[in-house]
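Readers should treat all values here as calculations from the given coordinates under stated rules, not as data from a laboratory. As the structure is a prediction and not an experimental result, all values here were calculated from the model. Methodologically, a virtual Cβ is constructed for each residue, glycine included, from the backbone with ideal geometry; neighbour enumeration extends over all protein chains shown.
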Amino acid sequence: MKATTKKWIWIAAAALVVLVALGAVLAAASSREKAPEAMEEIEQIGEKYREEQSGGEGGEAAATVNGTPISSSLVERTYELQLAFYNVNKEKYGDVGEAPTEEAVLQSLIETEALVQEAGRRGLTADEKQVEEYFKAVDEAKQASEGSGEAEQALRAYLDGLGMDLETYREQIEKPLAKQQLSIENLAAAVQEEGTDWATFKQRVLEEAQIVYP
């Protein structure tokens, strides 16, 4: 795999956190006075990640899954984004559970990588038609969502830090990430059709994977 391709993969994985967690940062802010502060924090994390990528392919590996590395930089930036989201919600809602940890982030990334690999081995990787249908549903949901404006603002702030526009983000990051997540969904559906418990299956995949820590 070319170095430039690896670089996009690292950025894509970090941007996934924006999709699943930080899209609601502005909506969750306890006041509009807090919104610019949250936006600035998101953009600074993006800038930090871009600076790290310009010097290499994501830093030293925090772990490898069947030979595929997960960079320490990816873990650190993902953790920072999740923590920013957690802090905003805690200020607004009070008790929102335990704060994220770098160890939990790493384990989540390891599980995702192992499951994507397993989906590939079983021929369950999502195809282009499935990805396009997914985005059609996503775009319709965004139009109907009251918080979609705030979510897009948060995403734009992060992408500004990365030096990337929305069109490039969708084609080179969002679509590959959707394919990854849809592949895991395909795997889960196949496993459940076999009558196997999904949680038990995931645990077995992790136990059988060759996970190496430095």
Given labels modelled 7 Å from the Cα in the Cβ direction, how far is it in nm from E102 to T168?
-> 2.9 nm
A63 long-range amide H proximity, modeled H, under 5 Å = I70
Measure off 7 Å from each Cα along the Cα-to-Cβ vector at D197 and N66, then give the distance between these two points in nanometres to one decimal.
-> 2.4 nm
